[in-house]
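Some notes on the structure that comes next.
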Amino acid sequence: MYQSKNMLYLMIILLSLISLFFSNYFLVWMFMEIVTLTMIYIMIKDSGMNNLSSIVYYIVSMISSLMLFFIMIMKMITLKDGLDFVYNFMMLISLLLKLGMFPFSSWYVYISKDMKWMYLFLFSTILKLQPLYLMYLLSSFFEILMFIIMMSMLYSMIMVLISCTSIKSLLVYSSISHTSIMMLLMMMSTKLFILYFSLYLIMSFLFFFMMYELEYMCVNEELIFNKDFMSWYNSLFIVFIMILYSSMPPLMTFIMKWILIEYMMYNYMLYMLFLIILIFVSMSMIWNYMNLFNNMFYYPFKSIKSYSYKYKFNNFKFNKYIYMMLFLYLMLFLIYIYIDILMF
């Protein structure tokens with residue numbers, strides 16, 4: 001079962017990437033539905049997964065997919081140019097529902113509570129790729145998308161400040177914020193979007209993999225580790241990954257946000273309110289991650305003396321992924337420098 005599940009994960013990733021080579025709505029939609037059905041099958045077969053969460057995801061996916069399919073059919077049948085705007089707008093609504101963006105974020109937050117770390121990683125990264133690509137193919141709703149991006153960022157900031165009670169909910173709201181930034185980059189520079197998504201993918205993999213390995217739990221504002229994995233090495237590494245994930249200066253994700261703000265100031269001064277919201281959202285996310293750092297350093301370092309062979313074994317197991325992903329992160333930074341030189 002474990003090997004078959006890994007094959008299904010691989011199929012989800014490959015189909016998501018293959019669909020990006022097509023510009024036909026129907027082909028991309030078909031690949032997206034295969035990926036969605038595969039994900040639903042994995043969730044239903046998992047005995048540790050809450051069935052209600054699987055049902056909610058199935059219903060939301062079915063509504064979004066059927067809505068998108070019928071709109072594409074109507075768009076092909078109806079040749080009136082006046083209705084193109086209406087059809088494209090309805091397609092945009094169905095894609096926002098699929099992505100779990102504002103105002104359709106409730107289902108995404110709900111199912112994440114009982115979701116395993118690997119599933120949450122796929123939902124936060126790979127499963128967003130195809131809807132974002134379809135949104136890119138529409139590319140005629142700049143003002144509407146700017147409003148949606150702004151509201152999604154506001155929503156994630158407010159919910160993080162008032163109702164974030166677990167590490168999973170914090171990651172979900174961070175994912176909504178990161179997706180908003182990717183939507184904005186997608187409209188402005190394809191190269192920067194690809195680079196940002198690649199960075200986000202690497203950071204998410206490191207973060208979610210660590211949470212999975214450590215059997216991590218978060219209750220209210222206390223961070224509680226499984227005693228078998230508690231060590232200063234693991235705690236430091238989690239803090240390091242959180243620093244990457246929170247886009248703190250002077251890291252690369254922060255630099256990309258800074259470039260985005262600079263680009264908006266030079267080209268879209270009318271969206272100054274959006275820039276202010278982007279800055280406040282980034283600050284609120286960093287503040288919440290800093291709270292996590294504080295809790296992590298308060299508790300795990302008390303047990304440094306209990307460091308044993310088991311901890312060394314687990315730390316050795318992490319090293320393979322640490323060095324591999326950090327090397328990729330460095331390579332992406334060099335690619336970014338190259339792109340920056342070409343653009344300017």
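As a proxy for reagent exposure, Tyr289, Tyr200 were ordered by neighbouring Cβ count within 10 angstrom, fewest first; the result is Tyr289, Tyr200. Per-residue extension of 0.36 nm, minus the Cα-Cα distance of Ile55 and Phe70, leaves a gain of 3.2 nm for this segment. Evaluating 6.51 cos²θ - 1.76 cosθ + 1.60 at θ = phi - 60° for every residue in the range 187-200, the Karplus couplings come out as 7, 10, 8, 5, 4, 5, 5, 4, 5, 5, 5, 5, 4, 4 Hz, glycine and proline recorded as x. Under 1.5 on a/c is rounded, so check that first for the range 31-175, then, if it is not, pick prolate when a/b is larger than b/c and oblate when it is not; a ≥ b ≥ c are the square roots of the alpha carbon gyration tensor eigenvalues. Cα axes put the range 31-175 in the oblate bin. Remark: the Met188-Phe254 segment gains 22.0 nm on full extension, using 0.36 nm per residue and subtracting the alpha carbon distance. Where the centre of each part is set by its Cα atoms, how far does the range 95-114 sit from the range 197-212, in angstrom? When both Cα centres are located, 20 Å separates them.
Using 1/(1 + (r/R0)^6) with R0 = 25 angstrom and r between the beta carbons of Tyr212 and Met7, what's the FRET efficiency to the nearest 0.05?
Values: r = 19 Å, r/R0 = 0.75.
That gives a FRET efficiency of 0.85.
The charge dipole of the range 1-158, taken about the Cα centre with unit charges on the Cβ atoms of Lys, Arg (+1) and Asp, Glu (-1), comes to about 280 debye, rounded to the nearest 20. Full extension of the segment from Leu37 to Ser23, taken as 0.36 nm per residue of separation minus the current Cα-Cα distance, would add 2.9 nm. Toward the positive end of the charge dipole of the range 1-154, with +1 on the Cβ of Lys and Arg and -1 on the Cβ of Asp and Glu, the farthest Cα among Ile73, Phe89, Leu120 is that of Leu120.
Among Trp258, Trp117, the order by Cβ neighbours within 10 angstrom, fewest to most, reads Trp258, Trp117.
Does the range 4-62 come out rounded, prolate or oblate, given a ≥ b ≥ c as the square roots of the eigenvalues of its C-alpha gyration tensor, rounded meaning a/c under 1.5 and, failing that, prolate meaning a/b above b/c? In terms of gyration-tensor shape, oblate.
For the range 24-104, rounded, prolate or oblate, judged on the Cα gyration tensor with a ≥ b ≥ c (square roots of eigenvalues), a/c < 1.5 rounded, else prolate if a/b > b/c? Prolate, since a/c reaches 1.5 and a/b exceeds b/c. Note on Ser166 and Ser106: their simple-model spin labels are 1.9 nm apart, each label 7 Å out from Cα toward Cβ. Any of Lys168/Lys191; Lys75/Lys191; Lys45/Lys128; Lys116/Lys191 with alpha carbons more than 24 Å apart? Name them for me. Beyond 24 Å: Lys168/Lys191; Lys75/Lys191; Lys116/Lys191.
A short reminder: the numbers here are calculations on the coordinates, not readings from a lab. Keep in mind that what you see is a predicted model, and the values were worked out from it rather than measured. For neighbour counting, all protein chains shown are included, and Cβ atoms are generated from backbone atoms with ideal geometry for every residue, glycine included.
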